[in-house]
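The values are calculated or read from the model by the stated rules, or taken from the named source; none is laboratory data. Note that the structure is a prediction, hence the values are computed from the model and not measured. Positions of Cβ are backbone-derived with ideal geometry, glycine not excepted, and every protein chain shown enters the neighbour counts. SASA here: full protein model, heavy atoms, side chains in, ligands and nucleic acids out. Shrake-Rupley method; radii C 1.70, N 1.55, O 1.52, S 1.80 Å.
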Amino acid sequence: FSVNNSRPTPSQSRFQVDLVSEAAGDGGTAVASDSPPEYAAVPPFDGLRDSEEAKGRFRVVNFAASSPDAAPAEIAQNGDTVMSESSQQHHHYDTHTNTYYLRTFGHNTIDAVPNIDFYRQTAAPLGEKLIRPTLSELHDELDKVRARTPRSRAHRGHVSLSDSSLHVTPYSDGFANGEELTPAEEAAAKEASESKGVVKFGWIKGVLVRCMLNIWGVMLFIRMTWIVGQAGIAYSCIIVIMATVVTTITGCSTSAIATNGFVRGGGAYYLISRSLGPEFGGSIGLIFAFANAVAVAMYVVGFAETVVELLNSSGALMFDVTNDIRIVGTITVILLLGISVAGMEWEAKAQIFLLVILISAIFNYFIGTFIRVESKEKFGFFSYDVGILAENFGPDFRGETFFSVFSIFFPAATGILAGANISGDLADPQMAIPKGTLLAILITGLVYMGVAISAGASIVRDATGIESNMTINGSNCTDAACKFGYDFTSCRPAAGGLVLQVMSVVSGFGPLITAGVFSATLSSALASLVSAPKVFQALCKDNIYPGIAVFGKGYGKNNEPLRGYLLTFGIALAFIVIAELNVIAPIISNFFLASYALINFSVFHASLANSPGWRPSFKYYNMWVSLAGAILCCVVMFIINWWAALLTNVIVLSLYIYVSYKKPDVNWGSSTQALTYHQALTHSLQLCGVADHIKTYRPQCLVMTGAPNSRPALLHLVHAFTKNVGLMVCGHVRIVKLNSDMVRYQRWLLHNNSKAFYTPVVAEDLRQGTQYLLQAAGLGRLRPNTLVLGFKNDWHIGDIKDVETYINLMHDAFDFQYGVVILRLREGLDISHIQGQGTITVLILHVWFSMCVIYTNACSPVSVSGLTLLIPYLIANKKKWKDCKIRVFIGGKINRIDHDRRAMATLLSKFRIDFSDITVLGDINTKPNLTEFAQMIEPYKLREDDMEQEAAEKLKSEEPWRITDNELELYKAKSNRQIRLNELLKEHSSTANLIVMSMPLARKGAVSSALYMAWLDTLSKDLPPILLVRGNHQSVLTFYS
């Protein structure tokens, strides 16, 4: 297109736009105006013609004023382009590059309006993929955007801003919505972009034809009349209706999934895996591909049996029947492989040819039912007759039951996914799959019912095929055939029913029925031979199973899986030569039914999850009907063959467990993920409506790890008593701006099997950030109640202000009713050496109480050290600590040692906490050695006696961490207790694997930070790994039920 290059009025001109050419980089300029441009017949623009790939790409260049002296245009605000009233030269452009059509609410702006190109994931089949400007590019200050430009340019395209110009260049390799492609999607994009002249099928040739050929199959000609003879017209119609109901429900479910977004190749595997996730998809994909491969052998053997029967009737056998079937089957499958490898176009032409023959055979049969020929009467065919209809209306089971007959018929209806299996070769899968599949089910169902009714109304159940069965006058003959002069009562005891080859007798031209049998078997075999590699190729590209990716490579313009064809050919050939197909057949039918069941369940599951992403354009489905369809498929599996159904379930379950264990790195937005979120949200809200109870108490820890991989000791030890028991949140206070590390660290936690949440916050300092986390971490009842810190080993050599902050973290935690746990390790923050490596040795876990603090009130037992008991119990229950022995130490008086021991033993027994020993320390009040403690606190003393009172008060206010002489005297006993406890710890627990001890508590505002830190350091130094625990003085244990 081109536009009139007349100059617009000043009011029309807004800003100048340069078309961006990805190939040459030289575009012309165009002007956006308030009204659409007027198109004139002028020569096309060379720059645009030479760079056709610049669709939708534009660059906004400097905003020109009407003259050099004119005032500058309005400054760009928040990414919006400047409005200029000056006039510009009007160049031609199409409606896509004309910025008039790119305006948002009538304003020229780089803030892009919704465009389908922003939502693409792959390039070629759907069009270009573009990236809308990021929020930062529109919102941040201009200098910040400039600073980020070089980095963002390498990944997303770039936006460069200056005082006089704003450039938006194409996003060369960005991903829509910021989503990166998986390796499989990248491979698909590459193959799609390289393919030219790809053959795509419409809904008739791609879906309708294939489904009809697969559903009709050989069953229509060699089993349908036998089913009518056994079950009668009424039950035969019920059998057909039951099968049609199951397939119709499955067809609707397939249509719903297929219309909930773009469908790639892979058929049933793709639909199930993208709906239920890789676990179900991977298990079904493998058995579905295998079932199609073995189905090729079944159909080819059916064809070979018919050919060998004709050879045998004419005395032209090559060897014997069995070997002839193998020879004919091998030749047939080689020919079918040649057609498939030649390409989907040739395969589609072959299917059309076979469909013509099949439809001709069906019409041939129906026409023959109206033509009564005397020579056919001896075979029981008398054309339509009310007496025959009445006689055949009810069942006459001979060695069969209703469900056994149903199980024989139902495999005929298992071809409804033949079209969906080649979804990657369909021009519009979202339209083709619903329309073609459902119409095929309707047409084939009507034909099956038509054959049942016509056969039951025109053919008697029993016939000898010889003319000597003419009735004799006066004989007692009551059958429908008697009025036509035939007595077939002599063959009634035989368990036969209508003759298997009776359709050839009834038809107008018998050989055409044989051609129909050939067509049905060959078409089904060809469809399966194409479906198996296509499904397997999609499975290989997703890397669900190791070692099979080699079969996913595609060749040619249609990305044909030639290696997959050869694999399918090998499997089919093996079963043709050696397999017992009568045993394999029910297993294959169950494999198909398992796929149908999961497709139905996928729709139910997606609807139940209520995800906003579940928006199928096919509306004729219901979640409960789909669930009923899934249950029906499972019931039919057991009706057909119970042991085959059990075997199928075992195989699916085994593959499901394997894929779940391997955890493939894929994220398809499955309904499993959506339902997990829905259930988590529902249960979280339900928890909020229930008050806390002492019996349901769980330690829920806010662990100040920083980056989770920087303090593994904190992570591992807390994980030891919160795994599958309580919540663990890894808190990280960042002084700088948040970045993308959140996703990386959460993945690190998952990769290391740490059941924890990573929660970073941005704050001015550590204390402020911790206060944010203490108040806001968690959700509802899933909130931390215990703060876990690592011990500050370098407190005496670092900045004392950091010690002040560290102690204030604990005070803040107590203010917010948190418990506090501090971990100190002599060797550093790595506890892997105490978790047992190789053979698990007997571990010893010592629990210390700094004083006897257990007391009981009239209502319930309360222990300020209950958390000190609960944590060792939880740790001891873990597998790595299963042989751990818990020893309990309490402070007491020498004259009450036995009494205190019995009291503690009674309490622990009521709490159901196992222990190996209880030690009462009667010498806890012995005076300790104070020299080392005095040296530790010396640098932090205020020394108020050496200065005036005013100066001392000023220094104390400026440095509140300093220790006053009065404070030392006031807390002398408590200081001595920490020193004495450390001596006792070294004496009794120097060989322990872990010590859990109640932590001394300092009154806020009364005990200086340096003194409190000295207490903690003195108490815990030169010891094995030690946990200092202080609960929030609320009950965490009870012996009441």
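Per-residue answers, yes or no, for (1) crowded, with 21+ Cβ neighbours inside 10 Å; (2) at pLDDT below 85; (3) within 27 Å of VAL294 (Cβ to Cβ):
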{"position": "CYS477", "(1), (2), (3)": "no, yes, no"}
{"position": "PRO493", "(1), (2), (3)": "no, yes, no"}
{"position": "PHE536", "(1), (2), (3)": "yes, no, yes"}
{"position": "ILE544", "(1), (2), (3)": "yes, yes, yes"}
{"position": "PHE569", "(1), (2), (3)": "yes, no, yes"}
{"position": "PRO586", "(1), (2), (3)": "no, yes, yes"}
{"position": "ASN590", "(1), (2), (3)": "yes, no, yes"}
Evaluate segment 270-290: report whether one residue or more is over 30 Å from the mean Cα position of the chain (by Cα) and aromatic (Phe, Trp, Tyr). no
Does ARG1003 qualify as being within 54 Å of the chain's Cα centre (by Cα) and within 21 Å of GLU804 (Cα to Cα)? yes
When only residues in segment 622-664 that are part of a loop (DSSP other than H, G, I, E, B) and surrounded by 13 or more Cβ atoms within 10 Å (Cβ to Cβ) count, which is modelled with the highest pLDDT? ASN622
Open to solvent by less than 70 Å² (accessible area, probe 1.4 Å) and in contact with a Ser or Thr (Cβ under 8 Å, 6 or more places away or on another chain): does that describe ALA348? no
I need the full set of residues from segment 717-736 which are surrounded by fewer than 18 Cβ atoms within 10 Å (Cβ to Cβ) and part of a helix (DSSP H, G or I), in order please. none
Residue hits (segment 773-800; within 28 Å of ASP1017 (Cα to Cα), assigned to a helix (DSSP H, G or I) and either free of Cβ contacts under 8 Å to residues at least 24 places away in the same chain or open to solvent by less than 10 Å² (accessible area, probe 1.4 Å) (or both)) are LEU773, LEU774
Inside segment 689-701, the number of residues satisfying the requirement of being at pLDDT 85 or above and not in a loop (DSSP other than H, G, I, E, B) is 1
Given (1) part of a loop (DSSP other than H, G, I, E, B); (2) over 48 Å from the mean Cα position of the chain (by Cα), where does SER375 come up short, assuming only one miss? (1)
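Just checking, how many residues over segment 225-242 are buried (at least 24 other Cβ atoms within 10 Å of the Cβ) and of a type outside the set (Ser, Thr, Tyr)? Talk me through it step by step, then tell me what you get.
Within segment 225-242, the subset buried (at least 24 other Cβ atoms within 10 Å of the Cβ) is 225, 227-231, 236, 239-240.
After this cut, where a residue has to be of a type outside the set (Ser, Thr, Tyr) as well, the list is 227-231, 239-240.
Total satisfying the criteria: 7.
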Can you name every residue in segment 685-727 that is closer than 30 Å to LEU766 by Cα and small (Gly, Ala, Ser)? GLY706, ALA707, SER710, ALA713, ALA720, GLY726
Counted residues in segment 298-324 being among the hydrophobic types (A, V, I, L, M, F, W, C) and closer than 22 Å to ILE587 by Cα come to 5
Residue ID - surrounded by the most Cβ atoms within 10 Å (Cβ to Cβ), chosen from residues in segment 903-922 that are under 25 Å from SER975 (Cβ atoms) and not β-branched (Val, Ile, Thr): LEU921
Collect the residues in segment 605-621 that are in a loop (DSSP other than H, G, I, E, B) and open to solvent by less than 70 Å² (accessible area, probe 1.4 Å), keeping them in residue-number order. SER611, GLY613, TRP614, PRO616, PHE618, TYR621
For THR919, the lone unmet condition from (1) under 56 Å from the mean Cα position of the chain (by Cα); (2) assigned to a helix (DSSP H, G or I); (3) among the polar types (S, T, N, Q) is (2)
Every listed condition ((1) closer than 20 Å to LYS880 by Cα; (2) buried (at least 20 other Cβ atoms within 10 Å of the Cβ); (3) at pLDDT 85 or above) holds for LYS755 save (2)
Out of ASN929, ASN925, sole residue that is modelled with pLDDT of 85 or more, under 30 Å from TRP795 (Cβ atoms) and either open to solvent by 50 Å² or more (accessible area, probe 1.4 Å) or not in a helix (DSSP H, G or I) (or both): ASN929
Taking only segment 292-333 into account, find how many residues are open to solvent by 70 Å² or more (accessible area, probe 1.4 Å) and touching a residue at least 40 places away in the same chain (Cβ under 8 Å). 2
List pairs: first in segment 560-578 and charged (D, E, K, R), second open to solvent by 40 Å² or more (accessible area, probe 1.4 Å) and assigned to a helix (DSSP H, G or I), Cβ under 7 Å, 6+ apart or cross-chain? ARG563/VAL550; ARG563/PHE551
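Take the residues of segment 245-259 that are surrounded by fewer than 21 Cβ atoms within 10 Å (Cβ to Cβ) and part of a helix (DSSP H, G or I): which is nearest to the chain's Cα centre (by Cα)?
Filtering first and then ranking leaves THR248.
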For the subset of segment 312-333 comprising residues that are assigned to a helix (DSSP H, G or I), among the aliphatic types (A, V, I, L, M) and farther than 18 Å from LEU529 by Cβ, which member is modelled with the highest pLDDT? ILE327
Output yes when any residue across segment 516-528 is hydroxyl-bearing (Ser, Thr, Tyr), under 27 Å from the mean Cα position of the chain (by Cα), crowded, with 19+ Cβ neighbours inside 10 Å and part of a helix (DSSP H, G or I), and no when none is. no
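Every residue, every condition in (1) β-branched (Val, Ile, Thr); (2) modelled with pLDDT of 80 or more; (3) open to solvent by 10 Å² or more (accessible area, probe 1.4 Å); (4) within 22 Å of GLU983 (Cα to Cα), yes or no:
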site	(1), (2), (3), (4)
THR856	yes, no, yes, no
PRO861	no, no, no, no
SER865	no, no, no, yes
LEU870	no, yes, yes, no
ILE875	yes, yes, no, no
LYS882	no, no, yes, no
PHE889	no, yes, no, yes
Scanning segment 260-274 for residues that are part of a helix (DSSP H, G or I) and of a type in the set (Phe, Trp, Tyr), which turns out nearest to LEU389 (Cα to Cα)? TYR269
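Which of the residues that make up segment 715-739 are among the hydrophobic types (A, V, I, L, M, F, W, C), touching a residue at least 40 places away in the same chain (Cβ under 8 Å) and more than 20 Å from PHE816 (Cβ to Cβ)? Spell out how you get there, then give the answer.
Of all residues in segment 715-739, those among the hydrophobic types (A, V, I, L, M, F, W, C) come to 715, 717-718, 720-721, 725, 727-730, 733, 735-736, 738.
Pick out the ones that are also touching a residue at least 40 places away in the same chain (Cβ under 8 Å) and you get 715, 717-718, 720-721, 725, 727, 729, 733.
Scanning segment 715-739 gives LEU715, LEU717, ALA720, PHE721, VAL725.
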On the basis of being within 55 Å of the chain's Cα centre (by Cα), open to solvent by less than 80 Å² (accessible area, probe 1.4 Å) and among the charged types (D, E, K, R), does ASP900 make the cut? no
